[in-house]
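Participant: I'd like to ask some things about the structure below.
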Amino acid sequence: MIDTMVIFDLLLAVAVVALAVASMTTRDMFAAIVLFVVFGLLSALAWVRLSAPDVALAEAAIGTGVTGALLLRTLHHVQTVERKAAPEPLPVPMGVQIANAAFCGLLTLGLAAAFAGAPRGGPGFDLLVADAMSISGVDHPVTAVLLNFRAYDTLMEVVVLLAAVIAVWQIERGLSDAPAPALGEVWQGFARLTLPAIVVVGTYLLWVGSSAPGGAFQGGAVLAAVGLLLLLSRLYVPRPSHRGAARVAFVLGTGAFAAVALLVTGGGRMPFEYPLEHAKTLILLIEGLVTISIAVTLAALFHGREPVALPERAAGTGGRDDA
Amino acid sequence: MTSFLGGILVVLLASVLGGLVRVFRGPGAADRLMAAQLFGTAAVAMLLILSQVMAMPALLDVAMVFALLAAVTLVAFVALSARGRPQ
């Protein structure tokens with residue numbers, strides 16, 4: 001008898017690939033977004049079957065919470081802007097298409113070369129990490145790699161988010177005067193139950209990261225959902241006076257991460273080489289502040305504009321009924 | 001037992017694939033999104049079973065995150081379409 005788990009894995013693999021193709025080829029943009037969300041859901045299951053619960057958790061937190069809402073908001077924005085100004089979208093020039101295809105092809109070739117060149121059947125880095133766990137300060141190997149052994153890479157990931165929000169605030173400015181949507185009684189009950197639960201679960205994921213799958217990115221992405229819901233329901237409306245606090249929150253993670261990395265230097269230690277007796281405290285401190293930064297930054301990226309009062313003439317040109 | 005749970009997993013995944021018909025055919029945006037919401041529930045069920053089959057208690061956390069955040073997309077849809085409607 002064929003093992004049912006094999007059938008499940010085969011079905012899952014086929015479904016993930018088919019959904020990826022479908023979400024790229026479908027003409028209806030709304031259907032494409034829904035298909036992409038379903039693709040994220042099934043790829044989280046695929047990560048689980050590959051015994052990578054950390055990645056599955058990140059996919060669940062980012063894919064179900066932030067991505068769907070962000071794509072829907074983008075579609076709404078595009079459609080409102082198109083309805084107002086209605087500039088005919090220019091066809092993409094053939095040269096640009098060819099250049100894009102060539103670049104993607106090169107990237108795929110590079111990945112294939114890296115895959116082919118990787119050592120086969122070896123132990124990988126598992127043993128290296130397992131040997132070094134006692135000096136990492138945490139109990140979970142993934143957190144040890146992300147926050148200690150390869151902390152520089154993680155710092156750069158936080159910098160990417162910071163750069164993204166800086167770019168968005170450079171490009172788009174203005175206050176949103178969208179009316180509060182009438183969400184009704186269901187929303188009242190939903191908000192009362194869910195918002196506190198999201199805060200608790202987000203904080204739990206941050207804390208549990210030192211000994212099990214979890215951590216700053218997962219916790220931050222879950223907490224960002226609170227910001228998304230508050231922005232969507234317009235229970236929170238960004239004002240120009242909030243920019244200072246927002247800027248502090250954006251920089252907090254990167255700043256604290258870099259500061260800790262540099263401050264532990266000296267006495268024969270390199271940057272990022274935490275003293276063992278303080279390693280867990282330092283890692284939790286970094287993760288806590290990075291979580292705040294990630295949550296606030298993702299919510300700000302969803303809002304997508306610097307809240308500045310613009311002169312009347314300029315304010316009319318933006319998508320003002322959008323938030 | 002694992003084989004039995006695997007069978008349930010296959011049925012749940014098949015129910016998701018069956019629901020995809022609604023995503024493809026619509027006709028309305030709400031129809032497509034409600035189908036996707038249904039998949040969130042199926043995914044939670046699959047994760048709970050997988051946490052048993054694979055002896056991986058951490059998957060319960062993944063299921064919890066799915067259950068909590070599945071409705072965020074739905075709220076975004078409702079709030080944005082309410083906003084887009086002409087007043």
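Participant: Is the shape of the range A:1-86 best called rounded, prolate or oblate, per the rule: a/c under 1.5 gives rounded, else a/b larger than b/c gives prolate, else oblate, with a ≥ b ≥ c the square roots of the Cα gyration tensor eigenvalues?
Facilitator: Numbers: a/c = 5.14, a/b = 2.05, b/c = 2.51.
Judged from the Cα gyration tensor, the range A:1-86 comes out oblate (a/c at least 1.5, b/c at or above a/b).
Participant: Averaged over A:31-42, how many beta carbons belonging to a partner chain fall within 10 Å of each residue's beta carbon? Walk me through the numbers before you get to the answer.
Facilitator: Numbers: counts 7, 0, 6, 16, 5, 1, 8, 11, 0, 0, 9, 6.
Mean partner-chain Cβ count within 10 Å for A:31-42: 6.
Participant: Continuing with this model, one more query. Which one, A:135, A:169, A:56, projects farthest toward the positive side of the charge dipole computed for the protein assembly as shown from Cβ point charges (K/R +1, D/E -1)?
Facilitator: A:169
Participant: In whole Hz, with x marking every Gly and Pro, tabulate ³J(HN,Hα) for the range A:10-24 from phi via Karplus 6.51 cos²θ - 1.76 cosθ + 1.60, θ = phi - 60°.
Facilitator: For the range A:10-24, the Karplus curve yields 4, 4, 5, 4, 4, 5, 4, 5, 4, 5, 4, 5, 5, 5, 8 Hz.
Participant: When ranked by the protection proxy of mean other Cβ atoms within 10 Å per residue, highest first, what sequence do the peptides A:290-303, A:126-139, B:3-16 form? Before the final figure, lay out the partial values.
Facilitator: On the way: A:290-303: 24.2, A:126-139: 14.0, B:3-16: 17.1.
Descending mean neighbour count gives A:290-303, B:3-16, A:126-139.
Participant: Classify chain A as rounded, prolate or oblate, taking a ≥ b ≥ c as the square roots of the eigenvalues of its Cα gyration tensor: rounded when a/c is under 1.5, otherwise prolate if a/b is larger than b/c and oblate if not.
Facilitator: It comes out oblate by the Cα gyration axes.
Participant: With a 10 Å cut-off between alpha carbons and a GNM built on chain A, which of A:213, A:181, A:240 moves the most?
Facilitator: For chain A, modelled as a Gaussian network with Cα springs under 10 Å, the answer is A:181.
Participant: Taking θ as phi - 60°, what are the ³J(HN,Hα) couplings along the range B:50-66 by the Karplus curve (6.51, -1.76, 1.60), each to the nearest whole Hz, with x for Gly and Pro?
Facilitator: 4, 5, 6, 4, 8, 6, 10, x, 4, 5, 4, 5, 4, 4, 4, 5, 4
Participant: Would you please give the residues with an amide H less than 5 Å from that of residue A:306, counting only those at least 5 places away or on a separate chain, with H modeled from the backbone geometry?
Facilitator: Here the answer is A:172, A:173, A:174, since their amide H atoms fall under 5 Å of that of residue A:306.
Participant: Oh, and also: If I model the range A:136-323 as equal point scatterers sitting on the Cα atoms and use the Debye formula, what is log10 I(q)/I(0) at q = 0.16, 0.17 Å⁻¹?
Facilitator: -0.99, -1.07
Participant: Count the net charge of all other residues whose Cβ sits under 14 Å from the Cβ of residue B:24, scoring Lys and Arg as +1 and Asp and Glu as -1.
Facilitator: Values: positive: A:27, B:22, B:25, B:32; negative: A:28, B:31.
The answer is +2.
Participant: Within the set of other residues whose C-beta is less than 9 Å from the C-beta of residue A:218, count the net charge using Lys and Arg as +1 and Asp and Glu as -1. Intermediate results must be reported in sequence, preceding the final value.
Facilitator: Working: positive: none; negative: A:54, B:61.
Counting the neighbours of residue A:218, the net charge comes to -2.
Participant: From the Cα gyration tensor of the range B:2-84, with a ≥ b ≥ c the square roots of its eigenvalues, which class applies: rounded if a/c is under 1.5, or else prolate if a/b is larger than b/c, or else oblate? Write out the running numbers ahead of the final one.
Facilitator: On the way: a/c = 6.05, a/b = 1.66, b/c = 3.64.
The shape class here is oblate.
Participant: Note down the relative contact order for chain A as a percent, whole number, built from C-alpha pairs under 8 angstrom at least six residues apart. Before the final figure, lay out each step's value.
Facilitator: Working: 350 pairs, mean separation 71.8, N = 323.
Taking the mean separation of contacting Cα pairs over the length of chain A, I get 22 percent.
Participant: What is the local net charge at residue A:12, summed over the other residues whose Cβ is closer than 15 Å to its Cβ (Lys, Arg +1; Asp, Glu -1)?
Facilitator: Numbers: positive: A:49; negative: A:3, A:9, A:59.
The answer is -2.
Participant: Another one. In the protein assembly as shown, with Lys and Arg counted as +1 and Asp and Glu as -1 at Cβ, which of these residues, A:249, A:182, A:300, has the Cα nearest the positive end of the dipole, that is, farthest along it?
Facilitator: A:182
Participant: Kindly write out, for the range A:243-258 in residue order, the coupling ³J(HN,Hα) from the Karplus curve 6.51 cos²θ - 1.76 cosθ + 1.60 (θ = phi - 60°), rounded to whole Hz, with x marking Gly and Pro.
Facilitator: 5, x, 4, 5, 4, 4, 5, 4, 7, 3, x, 4, x, 5, 4, 5
Participant: Enter the accessible area per residue of the range A:1-86 (Å², integer; probe 1.4 Å; all protein chains in place). Before the final figure, lay out the partial values.
Facilitator: Working: 3970 Å² over 86 residues.
I get 46 Å² per residue for this part.
Participant: With +1 assigned to the C-beta of every Lys and Arg and -1 to the C-beta of every Asp and Glu, and no other charges, what is the dipole magnitude of the protein assembly as shown about the Cα centre in debye, to the nearest 20? List each step's numbers first, then the result.
Facilitator: Details: 23 positive and 24 negative charges, 219 e Å.
It comes to approximately 1060 debye.
Participant: Over chain B, with a Gaussian network built from C-alpha contacts below 10 Å, which listed residue (B:28, B:40, B:18) shows the highest mean-square fluctuation?
Facilitator: Looking only at B:28, B:40, B:18, the biggest GNM fluctuation is shown by B:28.
Participant: Please return the longest stretch of chain A lacking exposed loop sites, where trypsin sites (Lys or Arg not before Pro) count only if DSSP places them in a loop and at most 16 other Cβ atoms lie within 10 Å. Intermediate results must be reported in sequence, preceding the final value.
Facilitator: Numbers: sites that count: A:27, A:120, A:150, A:234, A:320.
Segment A:28-119 is the longest.
The values are calculated or read from the model by the stated rules, or taken from the named source; none is laboratory data. All values reported here derive from a predicted model rather than from experimental measurement. All Cβ positions, even for glycine, are placed from backbone atoms using ideal geometry, and neighbour counts span all protein chains on display. Just the protein is used for accessible areas: all its heavy atoms, side chains included, with ligands, DNA and RNA removed. Shrake-Rupley method; radii C 1.70, N 1.55, O 1.52, S 1.80 Å.
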